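For reference, the structure is listed below as structure tokens.
The values are calculated or read from the model by the stated rules, or taken from the named source; none is laboratory data. Worth saying up front: this structure is predicted, and the values here are computed from it rather than measured. Counting neighbours? That spans all protein chains shown, and the Cβs are built from the backbone with ideal geometry, glycine included. Surface areas here come from the heavy atoms of the whole protein model, side chains and all, with no ligands, DNA or RNA. Shrake-Rupley method; radii C 1.70, N 1.55, O 1.52, S 1.80 Å.
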Amino acid sequence: MPLPFHVRATPVLAAALLVAGGAQAQNDSRLVALINAYRAAPQDCGGARPAPALNTNAALGRVRIGAGAFPESALERVGYHAAQVEIIYTRGAPDAAGVLEAIRQPYCRVLANPAWRDVGASRQGDEWTIVLARPLLPITLPDQAVVGREILAFANAARAVPRRCGERAFGAAPPLAWDDSLGAAALAHSQDMAKRRHMAHQGSDGSEVGNRAARAGYGWRLVGENIAAGQTSAREAVDGWIDSPGHCANLMNPTFTEMGAGYAISRARMPGFVYWTQVFGSRR
């Protein structure tokens, strides 16, 4: 009985991968064909619609499951810059048809997702790896001031109505006001993350959000921070924060009265990858 498991890898999620040499893993054209046939007519998948055929990518065919690597780094090593990637692994199937049978039902929505553009399907003995990916494309965003005001507007629209953030219920909160000092702190941290290509609340100099807000000239009584990476618009960034309980709680916290935000785009290693920071505060 084939035993599949799934590794979901987004720009902000660690996973376990390694890269196998080309001699150990090659693209399996039969499996790719079966996956594309399923995407053209997905069945028993909760109303999933037909999706475009995927392009076979030789680099994705060299990615293998292993230990101790971030998925984006593993793909970088084979020369593929991914905006999003998902890996399905199965063991025990004798052929490509058996692989599809093993993964079709549990991962039907993953297979039918129209966001994917490229696929790699490889085999090593009775172990099979399917890599579904969306390439990272060059991105241009509006000016910082425009994007900051968009984030402010989306955040205030979210605060205007009661909502649950995980297990916590929040009432509607007053709108936040824009603060240039918090905006400067947010921008500096996004730039720091983009330069390092590393998403973390702690800066490269060991600073935390309170240090950065004070450094920017904000005398705070309470301060908080949301960060994100990989989203391609202000709307997508705020929607992601709303969907995450901890980030949502920051956004809905009625004690915060002001905010600033900034983004930075990585120009090295993964050009076009966007890092986002939103800083909340209330003054002393």
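For residue 273, the criteria (1) crowded, with 22+ Cβ neighbours inside 10 Å; (2) modelled with pLDDT of 95 or more; (3) touching a Gly at 6+ places or on another chain (Cβ under 8 Å) hold in every case but one, which is (2). Inclusion of residue 200 among residues that are small (Gly, Ala, Ser) and not in a loop (DSSP other than H, G, I, E, B) is not warranted. The residue that is modelled with the lowest pLDDT, among those in region 84-105 that are within 23 Å of the chain's Cα centre (by Cα) and open to solvent by 10 Å² or more (accessible area, probe 1.4 Å), is 84. Checking 184, 194 one by one, the residue that is surrounded by 15 or more Cβ atoms within 10 Å (Cβ to Cβ), at pLDDT 95 or above and not in a loop (DSSP other than H, G, I, E, B) is 184 and no other. Among the numbered conditions (1) farther than 20 Å from residue 144 by Cβ; (2) loosely packed, with under 14 Cβ neighbours inside 10 Å, the only one that residue 210 does not meet is (2). Filtering region 223-250 to residues that are outside any helix (DSSP H, G or I), farther than 19 Å from residue 149 by Cα and either among the polar types (S, T, N, Q) or open to solvent by 60 Å² or more (accessible area, probe 1.4 Å) (or both) leaves only 244.
Residues in region 113-122 that are open to solvent by 10 Å² or more (accessible area, probe 1.4 Å) and touching a helix residue (DSSP H, G or I) at 6+ places or on another chain (Cβ under 8 Å): 1 in all.
Being on the phi > 0 side of the Ramachandran plot and modelled with pLDDT under 90: is that true of residue 47 here?
Working: on the phi > 0 side of the Ramachandran plot: yes; modelled with pLDDT under 90: yes.
Yes; evaluated as a whole, the condition is true for this residue.
The sole residue among 155, 145 that is open to solvent by less than 30 Å² (accessible area, probe 1.4 Å), part of a helix (DSSP H, G or I) and closer than 20 Å to residue 251 by Cα is 155.
For the residues 139, 130, the requirement of being touching a strand residue (DSSP E or B) at 6+ places or on another chain (Cβ under 9 Å), farther than 24 Å from residue 253 by Cβ, open to solvent by less than 10 Å² (accessible area, probe 1.4 Å) and not basic (Lys, Arg) singles out 130. Being in contact (Cβ under 8 Å) with a residue 24 or more places away in the chain and either open to solvent by less than 60 Å² (accessible area, probe 1.4 Å) or of a type in the set (Ser, Thr, Tyr) (or both) is the filter here; which residues of region 37-55 pass it? 38, 39, 42, 45, 48, 51, 54 - these are the residues of region 37-55 that are in contact (Cβ under 8 Å) with a residue 24 or more places away in the chain and either open to solvent by less than 60 Å² (accessible area, probe 1.4 Å) or of a type in the set (Ser, Thr, Tyr) (or both). Residue-level check: of (1) buried (at least 22 other Cβ atoms within 10 Å of the Cβ); (2) modelled with pLDDT of 95 or more, residue 258 misses just (1).
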